[in-house]
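Okay, structure first, notes after.
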Amino acid sequence: MNTGLLLVIFTCVVALAFDFINGFHDAANSIATVVSTRVLSPKLAVIWAAFFNFVAAFLLGTAVAKTIGQGMIELSIVTQYVVLAGLMGAIAWDLLTWVWGLPTSSSHALIGGYAGAAIARAAILHGWHHSLSVIIPGGWTKTIIFIIVAPVMGTVLGFGFMVAISWIFRRRPPRQVDKWFRKLQLLSAAAYSLGHGGNDAQKTMGIVAGALYTGHIISQYDIAHDWGRFHWPIIIAANGAIAAGTYFGGWKIVHTMGSKITKLKPVGGFCAETAGAITLFGTALAGIPVSTTHTITGAIVGVGTTQRLSAVRWGVAGRIVWAWVLTIPASAAVAAAIFYVTHFFNPAA
């Protein structure tokens, strides 16, 4: 087995490790509401979410993966070392924010790390004044727009669903409404987990496909279409990794998402998860790599504001927003530093 093939295998393993950490880090997105409303125990909730994370492999296509794999960075600048440095930058930021208990976006950490490493290589080869030429504006424009749009959509939909349901069931006894929505929340949690798996796992698919392309294992035709004979292995591996990560969960972030932003009842959990699921289904099918964290946080805030503005703990929400703002530049900086260190020891990188 030659060194190039070993490097490709190692890159793919690291990409799947990131996918696992993504599921671990973002488990809160899928299960925080259903745990905080006590519809499911934490153990059952992670099994439920992990199952639907995996099922998403067969339902939501690969449009997001193609945006990540070939729509954000010029592939001519990408090497295995660029992919590895990008993954390491994303993993470092994910683990740091996990320690802090902050629900930041693994998706934005990944694209930030990927871009940072690519820009660093371009700067070494062509100088800093040409380094940004490796960025493909179209892929970044819609991604950056949806950093704002996704949580706003979640907020508006969550608020709208909560108001509508409160009006429809205004004459029903609260205990009866609570009983109904405890059952319905199982469906909304499943739908959100489908959206989570369908959107987030695809980002790793795009990175793995890019690694196989730069390693000359799949052709330019394959990378532009359905990855040839590696189509299903890439999809199954990515969704399997994120499902495993979700199963092991991230309880510090579950606590932040499920109780520190606002207190939820089953009807509120249903509205938040449904709002998040609709947003994620639409963006996954459109090929827009949005943050599942941003989306569900916005939905939870929307539900909370139907009670009163003071029902939302804006201080916690503010810390989360700052973490969002920092995610892309921070992971890009870490990845760029890792690439520079790599290049120092291996100028061929």
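A few remarks follow.
- Gly240 being crowded, with 18+ Cβ neighbours inside 10 Å and at pLDDT 80 or above: yes
- Residue match in the stretch 101-114 (condition: more than 14 Å from Ala332 (Cβ to Cβ) and open to solvent by 30 Å² or more (accessible area, probe 1.4 Å)): no
- Subset of the stretch 243-264 that is surrounded by fewer than 20 Cβ atoms within 10 Å (Cβ to Cβ) and either touching an Asp or Glu at 6+ places or on another chain (Cβ under 6 Å) or within 20 Å of Thr295 (Cα to Cα) (or both) - its residue that is modelled with the highest pLDDT: Lys263
- Candidate set from the stretch 167-195 (those that are polar (S, T, N, Q) and surrounded by 15 or more Cβ atoms within 10 Å (Cβ to Cβ)); member that is farthest from Ile68 (Cα to Cα): Gln185
- Single residue of the stretch 196-237 satisfying the filter (surrounded by 24 or more Cβ atoms within 10 Å (Cβ to Cβ) and charged (D, E, K, R)) that is nearest to the chain's Cα centre (by Cα): Asp200
- Condition check for Val156: over 28 Å from Leu84 (Cα atoms), open to solvent by less than 90 Å² (accessible area, probe 1.4 Å) and of a type in the set (A, V, I, L, M, F, W, C): no
The values are calculated or read from the model by the stated rules, or taken from the named source; none is laboratory data. Remember, it's a predicted structure, so these values are computed and weren't measured experimentally. Positions of Cβ are generated from backbone atoms using ideal geometry, with glycine treated the same way; all protein chains shown enter the neighbour counts. Surface areas here come from the heavy atoms of the whole protein model, side chains and all, with no ligands, DNA or RNA. Shrake-Rupley method; radii C 1.70, N 1.55, O 1.52, S 1.80 Å.
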